[in-house]
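Chemist: Please read through the structure below; I'll follow up with questions.
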Amino acid sequence: MNNDDLYVQSFVWKRVSSLTCVRYVILMDVATHRFAVHSADFFQSDGEDRSDYFNRQFVELMLEQSPSQRCNWHASAADAIWHHDAEFSNNNDVGGLTQA
């Protein structure tokens, strides 16, 4: 079996505040055992449930371009999240995580 473009998907949740949380969609490349944040989905207590939308978006992105090309890959899920937060944040307290 060829392991190219095979991924394991998992979620990492972070509570941002009493009103907001983020679900990181993590991919692990089966061939390399490296990790990437495919997307970060934000949920708010006063907002609608957007799970269906986020799931459709995930599939669309998977079909559009291989995650091996789209994503930045790291040795651990925590490191992938740290780098994702650093890229998409102007905040020095990157996600409450320290770089591995």
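The values are calculated or read from the model by the stated rules, or taken from the named source; none is laboratory data. All values reported here derive from a predicted model rather than from experimental measurement. Backbone-built Cβ (ideal geometry, glycine too); neighbour counts: all protein chains shown.
Chemist: Would you pick out the residues in segment 58-85 that are more than 20 Å from Val12 (Cβ to Cβ) and touching a residue at least 60 places away in the same chain (Cβ under 8 Å)?
Modeler: Passing the criteria: Ser66, Ser68.
Chemist: Could I ask something else about it? When the residues of segment 27-56 are narrowed to those that are among the polar types (S, T, N, Q) and loosely packed, with under 15 Cβ neighbours inside 10 Å, which ends up nearest to Val8 (Cα to Cα)?
Modeler: Thr32
Chemist: Within segment 19-46, which residues are among the charged types (D, E, K, R) and either part of a loop (DSSP other than H, G, I, E, B) or closer than 11 Å to Ala77 by Cβ (or both)?
Modeler: Arg34, Asp46
Chemist: Restricting attention to segment 1-26, which residues are exposed (fewer than 11 other Cβ atoms within 10 Å of the Cβ), over 20 Å from Pro67 (Cβ atoms) and charged (D, E, K, R)?
Modeler: Of everything in segment 1-26, just one residue is exposed (fewer than 11 other Cβ atoms within 10 Å of the Cβ), over 20 Å from Pro67 (Cβ atoms) and charged (D, E, K, R), namely Arg15.
Chemist: Which one is nearest to Tyr7 (Cα to Cα), of the residues in segment 49-81 that are in a helix (DSSP H, G or I) and basic (Lys, Arg)?
Modeler: Only one residue fits best here, namely Arg70.
Chemist: Right, next: Quick one: in segment 62-100, of everything that is at pLDDT below 90 and of a type in the set (Ser, Thr, Tyr), which residue is farthest from Ala31 (Cα to Cα)?
Modeler: Here the answer is Ser89.
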